[in-house]
Amino acid sequence: MTDARRPGDDRDDPLLRAVAEHWDEIARRAGQRQRERLLGLIDGTAEPDPAEARAALADELLDLLPSDHPVIRVLRAGVAYRSSADPATVPV
């Protein structure tokens, strides 16, 4: 029996849930090395600092997926939400 779960599908993070939902497409678009890097960023083995891992994951996804992809929309919505929710995070 195979595990039907996809990377990130057990997380509360909307970005990771979107990645899990679209993992098959992401995996098809990515080469073997990029897939391994994405998986490592999701599970924390490629980058132990969660903030750094999320930033690197975002960079990989932005390079891999078209700008109108649902995962990119979730990524951009999350950035906009965090910036407006916490004025201290907005650069001056």
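Numbers below:
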read-out	value
The range 29-67: number of residues that are touching a helix residue (DSSP H, G or I) at 6+ places or on another chain (Cβ under 6 Å) and open to solvent by 50 Å² or more (accessible area, probe 1.4 Å)	3
Residue that is farthest from Leu15 (Cα to Cα), among those in the range 35-66 that are at pLDDT 95 or above and part of a loop (DSSP other than H, G, I, E, B)	Pro66
Failed item in (1) open to solvent by 30 Å² or more (accessible area, probe 1.4 Å); (2) modelled with pLDDT under 90, with Gly78 passing the rest	(1)
Selection count where residues are in contact (Cβ under 8 Å) with a residue 24 or more places away in the chain and of a type in the set (Gly, Ala, Ser), scope the range 21-45	1
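The values are calculated or read from the model by the stated rules, or taken from the named source; none is laboratory data. Bear in mind that the values here come from a model prediction, so they are computed numbers and not experimental data. A quick note on method: Cβ atoms are made from the backbone with ideal geometry, for glycine too, and the neighbour counts reach across all protein chains shown. What goes into the accessible areas is simple: the full protein's heavy atoms, side chains included, and nothing from ligands, DNA or RNA. Shrake-Rupley method; radii C 1.70, N 1.55, O 1.52, S 1.80 Å.
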